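Chemist: Please see the structure below; I have some questions.
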Amino acid sequence: MPLLLGLAGLIFQYRAHRRDCFVVFLLFFMTGIAIALYLNQPSTEPRERDYAFAGSFYAYAIWIGLGVVALSEWLMKLIKKPHVAVPVAVGVLCLAAVPGIMAKEGWDDHDRSHRTAAYDFAKNALLSCEDESVIIANGDNDTFPVWYCQEVEGVKNSVRIINSALANSFWHIQPLFRQVYASKPLNFTLSFDQYGQGVNDYAYLQNGPENKSIELASCLRYMANNPRAQVMTRDGEKISVFPTRNVKVTIPVEKMLDNGLLTEDQAARCLPEIGWQIKKTDALYRVDIALLDLMASNFASRPFYFMSAGAQGNVLPLPNLAQLEGNVYRMVPYLNENRRVIGDNGVNTDKTYDLYVNRFRWGNLNDPKTAIDPESAAYTRAVRYQYIMLAKALMFEGKRDSAVAALDKSLYFFPHAQIPFDGLMLYQVEAYLQAGAFDQATALAQQLCQIYGHRLQYAESFPPRFQNSLTEEMRECLSVMAEMEHILSPFVGQEPALQGSIDICKNTLQVYGY
């Protein structure tokens, strides 16, 4: 309806005032279509870019308004008895019919009155961190909600937040040298000025000795204090040199014990040193230098957390040393035994269980009144998997009751009615079975069979000319059925009720010849 009113207004203005129409058209074209052509924007963007075309919306709004005038004049001519009530009635009718209907149809999709996902996810990340720790976030969507929690709500303001997407800028690194709220200044080997504007924007990365790792702190001191650690470019610019790709950090176990960063048990499992290869091409940028400096200068005195286990893996020794702690990853100098069942460096089960089961909240996503946005739904997939990883780690440690409690909590926070189940839930069925929770496993397996059975029926309901475009959808459904049968079969002797789901999977696979 706004489109039709706008077209009517365009035609009306073109007939009545062509020059004015051309001016509005230029505003519409230059702030809309021309921008799209000039920028050659890709079809995929990290978020909507409607604001780039705001001017064209203003121009089209003029035509929508003129469309109401056009409709009024058309009615006046039709009834042949002009009356002041006609344009008033048309205006009221259009106001009710256009924005009114759009609000009615779109309100539930845009209503945020019950959704606190961004706040809760960010607060959970901060609650996962110890006091005086450092957390590396990745980009705006990771960082801005966490900043809000600290700046406005005062949550864990002793935690220092670093946005890796901004850390290439001197104005993001230099504030790390001073105290912010309750977070003390961070230590650095390079000086404040060496992270200044135009200084160490990047450094040349040399290969160094192939079979020898050099202490990271020594590499940074060489870079900071040795005149030979600079080379001259063709335009006369001096560029710092980082001497090797193969670096190591010797772990001061006693110091970390004194600082409360290790327990006696963890200290007994501590590695004597951490060695790794920097997986960059020929250059380290300011963010890379800063991350290396932070680790060399602060690892023995402050906990280090990461929003993602592998985002900085080309510079730091991740994810092999990143343990799941809450809903973030902590880099630690020891290996967890439960890594054998979940990969990476396992889970800090005691702390993570308490957070996930007793303290975390997830944005009221289980409330039927809450409209689920795509970003929250996508993030939920990762959280569901973290609940499953926690459950498997707990079972590895013999804590089956706690594992079942964690899995139950996941279903409570993220029910299918709000956030539809996908193939990832097969791992939850498997975890329930391994924990001996056969009632929950049977119910969830039956639900998944029903979901994927309906999806197959829906795909089949399309006319034959559309079937090719649905091949991947049907293949996914059948692969889930096949994996379901594989997971359930070993446990059918312990729980005969599983046989019903197994039969459904077998019959479906036979029908489709999968």
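The values are calculated or read from the model by the stated rules, or taken from the named source; none is laboratory data. No experiment lies behind these values; they were computed from the predicted model shown. When we count neighbours, we look across all protein chains shown, and the Cβ atoms used for this are built from the backbone with ideal geometry, even at glycine.
Chemist: Restricting attention to strands (runs of 3 or more DSSP E) lying wholly within segment 280-369, give those where 2 or more residues are assigned by TED's automatic domain parsing to the domain that holds Trp147 and crowded, with 21+ Cβ neighbours inside 10 Å.
Modeler: The strands (runs of 3 or more DSSP E) meeting that bar are 304-306, 322-325, 328-331.
Chemist: Regarding Leu498, is this residue among the hydrophobic types (A, V, I, L, M, F, W, C) and either farther than 18 Å from Arg455 by Cα or in a loop (DSSP other than H, G, I, E, B) (or both)?
Modeler: yes
Chemist: Residues in segment 3-31 that are surrounded by fewer than 16 Cβ atoms within 10 Å (Cβ to Cβ) and either touching a residue at least 40 places away in the same chain (Cβ under 8 Å) or among the acidic types (Asp, Glu) (or both): how many?
Modeler: Matching residues across segment 3-31 total 4.
Chemist: Could you grab me the full set of residues in segment 195-211 that are surrounded by fewer than 16 Cβ atoms within 10 Å (Cβ to Cβ) and more than 31 Å from the chain's Cα centre (by Cα)?
Modeler: Gly198, Val199, Gln206, Asn207, Pro209, Glu210, Asn211, listed by residue number.
Chemist: Next up: Provide a single number: the residues in segment 252-294 that are over 27 Å from Phe177 (Cβ atoms) and hydroxyl-bearing (Ser, Thr, Tyr).
Modeler: 2
Chemist: Go through segment 262-279 and count every residue that is more than 30 Å from Gln230 (Cβ to Cβ) and not in a helix (DSSP H, G or I).
Modeler: Result for segment 262-279: 6.
Chemist: Continuing with the same structure: For segment 128-156, give me the residue count where each residue is hydrophobic (A, V, I, L, M, F, W, C) and in a loop (DSSP other than H, G, I, E, B).
Modeler: Count: 3.
Chemist: Which one of Val24, Val69 is among the β-branched types (Val, Ile, Thr), in a helix (DSSP H, G or I), over 30 Å from Asp140 (Cβ atoms) and out of contact with any helix residue (DSSP H, G or I) (no Cβ under 6 Å at 6 or more places or on another chain)?
Modeler: Val69
Chemist: Do you know which of the residues in segment 373-392 that are over 15 Å from the mean Cα position of the chain (by Cα) and in contact (Cβ under 8 Å) with a residue 60 or more places away in the chain is surrounded by the fewest Cβ atoms within 10 Å (Cβ to Cβ)?
Modeler: The residue in question is Met389.
Chemist: Kindly indicate which of Val347, Val341, Val404 is touching a strand residue (DSSP E or B) at 6+ places or on another chain (Cβ under 6 Å), β-branched (Val, Ile, Thr) and over 20 Å from Ala117 (Cβ atoms).
Modeler: Criteria check complete, one pass: Val347.
Chemist: Continuing with the same structure: For segment 415-442, name all the residues that are buried (at least 16 other Cβ atoms within 10 Å of the Cβ) and hydrophobic (A, V, I, L, M, F, W, C).
Modeler: Hits for segment 415-442 are Ile419, Phe421, Met425, Leu426, Val429, Ala431, Leu433, Ala435, Ala437, Phe438, Ala441.
Chemist: So, Ile372, is that one at pLDDT below 95 and either among the hydrophobic types (A, V, I, L, M, F, W, C) or in a loop (DSSP other than H, G, I, E, B) (or both) or not?
Modeler: yes
Chemist: Here is a further query. Using the structure shown, decide if Asp439 is among the charged types (D, E, K, R) and either within 30 Å of the chain's Cα centre (by Cα) or outside the structural domain of Glu483 (by TED's automatic domain parsing) (or both).
Modeler: No: the conditions fail for Asp439.
Chemist: Here's a follow-up. Scanning segment 460-481 for residues that are touching a helix residue (DSSP H, G or I) at 6+ places or on another chain (Cβ under 7 Å) and farther than 11 Å from Cys449 by Cα, which turns out surrounded by the fewest Cβ atoms within 10 Å (Cβ to Cβ)?
Modeler: The qualifying residue surrounded by the fewest Cβ atoms within 10 Å (Cβ to Cβ) is Phe462.
Chemist: Could you list, in sequence order, the residues of segment 344-372 that are more than 26 Å from Ala311 (Cβ to Cβ), in contact (Cβ under 8 Å) with a residue 60 or more places away in the chain and not charged (D, E, K, R)?
Modeler: Matches in segment 344-372: Asn364, Thr370, Ala371.
Chemist: Residues in segment 492-508 that are touching a Cys at 6+ places or on another chain (Cβ under 9 Å) and of a type in the set (A, V, I, L, M): how many?
Modeler: 1
A quick yes/no check of all residues on (1) surrounded by 14 or more Cβ atoms within 10 Å (Cβ to Cβ); (2) touching a helix residue (DSSP H, G or I) at 6+ places or on another chain (Cβ under 6 Å):
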{"position": "Ile161", "(1), (2)": "yes, yes"}
{"position": "Arg221", "(1), (2)": "yes, no"}
{"position": "Arg228", "(1), (2)": "no, no"}
{"position": "Lys238", "(1), (2)": "no, no"}
{"position": "Glu254", "(1), (2)": "no, no"}
